[in-house]
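**Q** Starting off with a structure, shown below.
The values are calculated or read from the model by the stated rules, or taken from the named source; none is laboratory data. Since the structure is predicted, the reported quantities are computational estimates derived from the model, not experimental observations. Methodologically, a virtual Cβ is constructed for each residue, glycine included, from the backbone with ideal geometry; neighbour enumeration extends over all protein chains shown.
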Amino acid sequence: MPHFLDLISPHIHRVGQGSFNQWTGPRRIIYDHELLLISEGECRTTIDGEVFMNGANSYIIKPPRKPHSAVQTSRKAVTFHWVHFDWAYNDSVQYGNIPLVCYLPGTPNPTHLREAPDFIPSNILRGKIKAPATAFQLFSRLNERWNFGTPRERSTCRAIMMELLIEILGEQEDYFPSTNQNSNKNHTAEKVRNLLNIMVQDPTPDQFSLEVHMSKLGYSYPHLCRTFKKAYRISPVTYLNNLRMERASMLLRDTQISIADIASSVGVPNPAYFTRVFTKYSGKSPREYRLNP
């Protein structure tokens, strides 16, 4: 029987994020599913009478039909990142006209409730995020493309959502083989990827090269490069530059920040090198891309 993560085809309705103080979420029923990631703070969520505590670097997927509410329990602000979605596309639903939520004591319209397919586990999916830097980098990309991207960029959001779900659910739901001859190599490649994602999260240039950063993982730089490329089919440098250029493309399109400042903000302080890498990545120079994304 295929794993349920091999069968999903997520359909996104809404993506958002925000930080709140003294936050409360009134009792409600949602019509779809909501993936909620928490990066800061803590809250208590009650779903159909069952209580769940959610702290920083955790997630919970709220199902339709079941009444739920939530309240902030931390003194400092709580920061949420959310996606309303269906596990699979349903062509019988007019997606442009459906509601997302019904606040109680209102009665939800049963014809709009979209239950999970039978292959999705029936329990509440929740837990700690194993690789927060990777997960939140994926969410950031999803949020930027869904809310601010071009039609072409928006069309890729389903793939990013699928990667995000696999990232947070894969290990907990036994999606990845736990023992095989490549497990150590795959684990090492994932550690490299997490390191690269952290570097993009903090793009401030420093005096250390990528080789120096990667050597902190306890293996030689050539070995790590070979392992990473075997796992992901691209080199660590290409992966890192792709993440940087994707962020740069958003800044070029959505802001008037100078090209030199954008280069520095994504961790490439040399404008000439930035232009070469961006042109190779997008097929256009930064100036051309800004005029015609």
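**Q** Only one of these is within 21 Å of L142 (Cα to Cα) and surrounded by fewer than 16 Cβ atoms within 10 Å (Cβ to Cβ): N270, N242, N292. Name it.
**A** Exactly one residue qualifies, and that residue is N242.
**Q** Just give me the residues in the stretch 106-165 being touching a residue at least 12 places away in the same chain (Cβ under 8 Å), basic (K, R) and within 26 Å of N292 (Cα to Cα), in sequence order.
**A** Those that are touching a residue at least 12 places away in the same chain (Cβ under 8 Å), basic (K, R) and within 26 Å of N292 (Cα to Cα): R141, R145, R158.
**Q** Turning to a different aspect of this structure: Name the residues in the stretch 263-284 that are among the β-branched types (V, I, T) and not in a helix (DSSP H, G or I), would you?
**A** Hits for the stretch 263-284 are V266, V268.
**Q** A further question on this structure: Quick one: count up the residues across the stretch 111-150 that are surrounded by fewer than 17 Cβ atoms within 10 Å (Cβ to Cβ), hydroxyl-bearing (S, T, Y) and over 20 Å from P2 (Cα atoms).
**A** Total meeting the criteria: 2.
**Q** Quick test of your reading of the structure: A135 fulfils all but one of (1) at pLDDT below 85; (2) under 30 Å from V15 (Cα atoms). Name the failing condition by number.
**A** Here A135 meets the rest and fails (1).
**Q** Which number in (1) over 24 Å from the mean Cα position of the chain (by Cα); (2) part of a strand (DSSP E or B); (3) within 26 Å of E167 (Cβ to Cβ) marks the one condition that K66 misses?
**A** Every condition holds for K66 apart from (2).
**Q** Residue under question is R290, and the condition is that it be modelled with pLDDT of 90 or more and not aliphatic (A, V, I, L, M); does it hold?
**A** For R290, the condition - modelled with pLDDT of 90 or more and not aliphatic (A, V, I, L, M) - is met.
**Q** Another question, then. Does I98 qualify as being surrounded by 13 or more Cβ atoms within 10 Å (Cβ to Cβ) and under 18 Å from H11 (Cβ atoms)?
**A** yes
**Q** Same structure, new question: Quick one: in the stretch 253-270, of everything that is touching a residue at least 40 places away in the same chain (Cβ under 8 Å) and among the hydrophobic types (A, V, I, L, M, F, W, C), which residue is nearest to R145 (Cα to Cα)?
**A** Initial filter on the stretch 253-270 (touching a residue at least 40 places away in the same chain (Cβ under 8 Å)): 253-254, 264-269.
Applying the additional criterion that residues be among the hydrophobic types (A, V, I, L, M, F, W, C) yields 266, 268.
Values: V266: 17, V268: 22 Å.
Only one residue tops the list, namely V266.
**Q** Can T150 be described as on the phi < 0 side of the Ramachandran plot, under 15 Å from the mean Cα position of the chain (by Cα) and at pLDDT below 95?
**A** So T150 does not fit the description; no.
**Q** Next question. Starting from residues that are part of a loop (DSSP other than H, G, I, E, B) and β-branched (V, I, T), keep the ones in the stretch 102-125 and report whichever is farthest from the chain's Cα centre (by Cα).
**A** T107
**Q** When the residues of the stretch 72-117 are filtered to those that are under 26 Å from L142 (Cα atoms) and among the β-branched types (V, I, T), which remaining residue is modelled with the lowest pLDDT?
**A** V93
**Q** Can I ask one more? Q256 versus (1) assigned to a loop (DSSP other than H, G, I, E, B); (2) within 17 Å of V237 (Cβ to Cβ); (3) out of contact with any helix residue (DSSP H, G or I) (no Cβ under 7 Å at 6 or more places or on another chain): which is the lone unmet condition?
**A** Every listed condition holds for Q256 apart from (2).
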